[in-house]
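A short worksheet on the structure shown next.
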Amino acid sequence: MKKKVNQELKNERKAKIKQFLLDMIFPVILLGITIGLFVYGSNIKKTDDIIPMPEMYSYSGDETPLTMQDGDYLFTMDPLTTYFTVTNTKTGAEWKSNPDEILGGTASDDALQKFKSTIILEYSNETGSNFEPYTNYKYSIEKSIYDIHQNGNTITVDYSIGEVARIYICPPVCLASEFEAYLEQIEADSGQKIMRDVKGNYKKWDKDKLGKYDVDAFETIKARYPKANEEPIYVLRDGLGKSNMEKTERAFMAIGYTMESYEKDILLDTQETGSDKPIFNVSIEYTLKNNRLYVNVPFDKIESPDGYPLIYLSILPYFDAAGAEDEGYMVVPEGGGSIINFNNGKTMMEAYSSKIYGRDLCLTKDSLIHDPISYYGVFGAARPGKSYICIPEEGSSYGTIYADIYRTKSPCNNIYVKYDIFQREMFDMGDQMNSAIYKYIDELPAGEKLEQVYIFSDKDTYVDMAKEYQDYLLETYGSYLDINKDSSTPVNIELVGAVDKTEQILGIPVNRPLELTNFSEAEEIAKDLHDNVGMKNVTIKYLGWCNGGVKQTVLSSASPLGKLGGKSGLNQLSSTLNSLGYKLALNGICTYGIDSNIFDGFFSFTDAAKNIPQERMEIFKYSAVTFALREGSESYYLLHTELGLKYADNLVEACDKYNAGVSFDDIGKDLAADYYDDNPYSREAVKKLHTDLLKKYKDAGKYVVVNSANQYAIPYAGLLTNIDLKGGDYTILDSNIPFLELAIHGYVDYVGEPINVSGNQDDEILYSAAYGAGLGFTFMKESPFTLQDTLYTHYYGCDYDAWKSYMTDIYTRYEKEMGHIFNQRMINHEFVDEDKLVSCTTYEDGTKVFVNFGYTTYNGSGVRVPARDYLVK
């Protein structure tokens, strides 16, 4: 009985399982169909996913090297790789676009692709996602999707860069009458076997045969190849291997089939070609002239597909790259100049990078830890018996200089420029979207280009490299850079006229000018400097003299502050300075709207520059603690470009009324685009406008003082102030050198930061002596206690009376020992000790200035230099 019950239970269980399985059949089948449809659908390439392909380049020339020669230099390009070599035909020295092989150690595949490239580009999309960089070796050179043209001493290489199938120079589709004639030529040229192999790679479509037996199939063929309705055609089969395609290509090219033939035949195929990955076209032009190599990338030959803007472009990133065993160094434009020795072992340190002319202030930056700036963009490298410098010219304002040493993942020492191409800004979408949305500039500025000038030398010191730069500047700017006639030390005295201080008026806080040095007191200081200190070559740079003081309102007009003495007081000051032989330069801010409103002639909705999302460009300070943008804090506006130019003219006009020179606080230093849709100005366009403006003032005989001058401002300035002599303390750097000063000393006067507010007075004096700079000070007549309850505590050390004795000692010694060098070229600079703490700067008349930056006395080279001191021999 028990067995019978168990058997019945088993049968019942089996019946339930069977019924369950029967019930699940339909859901499982439905699920399978759903999954299949999903997989099928996800693998079908939608038309919207296809990115239209630009016109593709392809090289159809032979292996014969292309050459250009100018003077002693020979340029040779390998057409199979587009790599080139510049050779000094007298000395045999060579500079290669890419090293012949990995220079020691191992490299990842990605590093190897970069190492073999002449261009590296980076692109993004509307959500701001940055994709893996495209190297033109992997995505162009290796696929032979480039073309080369030569016109005299200019060679142009057109690259198509992207993930595309390699184009083979053979018919993709061809009319039967033409194809069969090709086969006859191939048989005659290469033999019957090759002809048969080639013919087997093609499918013949004949309407008289296919049209009778499969009307639908022929209709499909006819839709894609309309000529098939007129005569038979041959179509290249899909899926042929690389070796088979190369053999077919060789056979057709041997009978004279060219890229032009291919382009004619491809028109027989009406199917739109495209790719699911973006493809970019970029061209590089190489011109050899005046023993220099000019490398240009025209913007009008950059093609970037919609939705995939090209954001960065690196040009010749491994030019003359050095290996693990090579000796030499790189020169970077940090401060006056700095050296990074090859293979210096600092592999744990960050690579060097610095933005040429600083960041674009019309682009918002959410946080700012450090803002590296190069006021000039020259860089280069030297090895035993040879060197080169590279000068970014047109397009330089988009560039950032990168330099790195030999590392395991990047086995070489290299230096290059990486350019911003399509600028972008992130939209604030609030809570509407989880992902970011970016807006890019609509198009590249018409007529612009990126230009790098390479100058070669058979000498290998940074002094000789600086001399090449000097020759270039003199050739470029001509009479704008003449040896000056200084017979004494140039001194810049910044006098602070007035600052703003909040006062309570009827219980309402109101900003009012606070007098620190009025015009009469400035006159007394100038007389004291002349009569008692003995200063001769002096510029009085007057800050805060008009429109509210140092925090100056917009220059719709410029009126001297009544509290300082008004127009009559300023006229009297100007007359007195003129009689003393001093120069007066009235300082002004032209490109910003600070503490200004409609009563000052400023309306932010119409006068402020626009960023890329078309918002008013409001500039905030950054937190010293979190480094984040402090929105809601005190801010100011960047002005429209044309308005800044107008205010510069207004400032010069006001200075003319008082027979004074002009001092620009911002023009020549700050460089910002204006992305206003109705009237945009690129950063490079603004650079040209500011250059032309300064040139106009120089041509008119104006005395122009420029603050922290960029390279393009130097030839047109009478005095450069607040020059960053030393630069930043980046660990990867090995030593500081006066590279810029070697090029410009004697042609234009320059001073470093004001000694009394520099933060390290001894360093400022030592670097001034080593770099041939004049002296600078910032003073005010009022007591520092006057600045209590203001935001101007950085002027606490500017009390003229407190500083006069120390300033007199500094100047008297400096003038006595170095006053005669400022109308001379600097002809040499070297370190005379192993630790590179003691330098020696030499001038044309043989004067040598030894500077000891160390903390122990130096005895050597026939001199004794005390610690932290200088000696003139």
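Of the whole protein surface, Phe831 contributes about 50 Å² of accessible area at a 1.4 Å probe radius.
Placing +1 on each Lys and Arg Cβ and -1 on each Asp and Glu Cβ, with no other charges, gives the chain a dipole about its Cα centre of roughly 2300 debye. Straight-line cross-link reach from Lys449 at under 20 Å between alpha-carbon atoms covers these lysines, not counting any fewer than eight positions away in the same chain: Lys289, Lys301, Lys355, Lys418, Lys687, Lys688. Solvent exposure of region 147-283 amounts to 52 Å² per residue of accessible area, where only protein heavy atoms count and the probe is 1.4 Å.
Look at (1) 115, 86, 67; (2) 82, 70, 50; (3) 138, 67, 65: the one that is Cα extents along the principal axes in Å derived from this structure is (1).
Check cross-link reach from Lys657 to the lysines: straight Cα distance under 16 Å, and skip same-chain residues fewer than eight apart. List returned: Lys567, Lys583, Lys702.
Model label points for Glu830 and Asn344, set 7 angstrom from Cα along the Cα-to-Cβ axis, are 2.1 nm apart.
Each residue, Thr790 and Glu180, gets one label point 7 Å from its Cα in the Cβ direction; the gap between the two is 9.8 nm. What do you get for the angle between helix 2-43 and the principal long axis of the chain? Use alpha-carbon atoms, 0 to 90 degrees, nearest ten. Once rounded, the angle reads 60 degrees.
Residues Asp206, Asp371, Asp699, sorted by accessible area with the largest first, give Asp699, Asp371, Asp206 [1.4 Å probe; ligands and nucleic acids excluded].
Given a 1.4 Å probe and the protein chains as shown, Arg407 ends up with an accessible area of around 40 Å². On the chain, 50 percent of the accessible area sits on carbon and sulfur atoms, based on a 1.4 Å probe.
Measuring between alpha carbons in the structure, the pairs from Lys203/Lys277; Lys816/Lys873; Lys621/Lys669; Lys277/Lys610; Lys386/Lys873 lying more than 22 angstrom apart are Lys203/Lys277; Lys277/Lys610; Lys386/Lys873. Rounded to the nearest 10 degrees, the inclination of helix 683-699 to the longest alpha-carbon principal axis of the chain is 30 degrees.
By its C-alpha gyration tensor, with a ≥ b ≥ c as the square roots of the eigenvalues, how is region 62-187 shaped: rounded for a/c under 1.5, else prolate for a/b larger than b/c, else oblate? The shape class here is oblate. Averaged per residue, region 538-658 has 41 square angstrom of accessible surface, using a 1.4 angstrom probe with ligands and nucleic acids left out.
When all protein chains stay in place and ligands, DNA and RNA are ignored, the 1.4 Å accessible-area order of Lys688, Lys227, largest first, is Lys688, Lys227.
The residue among Val662, Ala628, Leu645 whose Cα reaches farthest toward the positive pole of the charge dipole of the chain, with charges on the beta-carbon of Lys, Arg, Asp and Glu, is Ala628.
Evaluate E = 1/(1 + (r/R0)^6) for His149 and Glu63, where r is the Cβ-Cβ distance and R0 equals 22 Å; express this FRET efficiency to the nearest 0.05.
0.85
Computed with a 1.4 Å probe over protein heavy atoms only, the accessible surface of region 703-782 comes to 20 Å² per residue. Near Lys467: Cβ cut-off under 10 Å, other residues only, Lys/Arg at +1 and Asp/Glu at -1. The net charge is -1.
Considering only alpha-carbon pairs that sit under 8 angstrom and 6 or more positions apart, the relative contact order computed for the chain is 10 percent.
By a 1.4 Å probe calculation restricted to protein chains, Ile619 has an accessible surface near 20 Å², given to the nearest 10. Positive end of the dipole of the chain (Cβ unit charges, origin at the Cα centre): among Gln572, Ala223, Gly701, the Cα lying farthest that way belongs to Ala223.
For region 357-407, a crude dipole built from +1 on the beta carbon of Lys and Arg and -1 on the beta carbon of Asp and Glu, taken about the Cα centre, is about 320 debye to the nearest 20. Note on the chain: dipole from Cβ charges, positive end direction compared against Tyr352, Leu742, Gln504; the farthest Cα belongs to Tyr352.
FRET efficiency for the pair Ile598 and Thr812, taken as 1/(1 + (r/R0)^6) with r the Cβ-Cβ distance and R0 = 41 Å, rounds to 0.20. Here the simple spin-label model places points 7 Å from the Cα toward Cβ, and for Ser557 and Asp482 these points are separated by 3.8 nm. Shown is the FRET efficiency for Asp699 and Thr731, computed with R0 = 30 Å from the Cβ-Cβ distance and rounded to the nearest 0.05: 0.10.
With angles folded into 0 to 90 degrees, how steeply does helix 462-477 sit against the dominant principal axis of the chain? Use alpha carbons for both and round to 10. Between the helix axis and the principal axis of the chain, the angle is about 90 degrees.
Among Glu260, Glu844, Glu425, the order of accessible area from largest down is Glu260, Glu844, Glu425, computed with a 1.4 Å probe on protein heavy atoms.
The values are calculated or read from the model by the stated rules, or taken from the named source; none is laboratory data. Predicted model, so just to flag it, every value in this text is computed and none were measured. Positions of Cβ are generated from backbone atoms using ideal geometry, with glycine treated the same way; all protein chains shown enter the neighbour counts. For the accessible areas, the whole protein counts, side chains as well, though only heavy atoms, and no ligand, DNA or RNA atoms are used. Shrake-Rupley method; radii C 1.70, N 1.55, O 1.52, S 1.80 Å.
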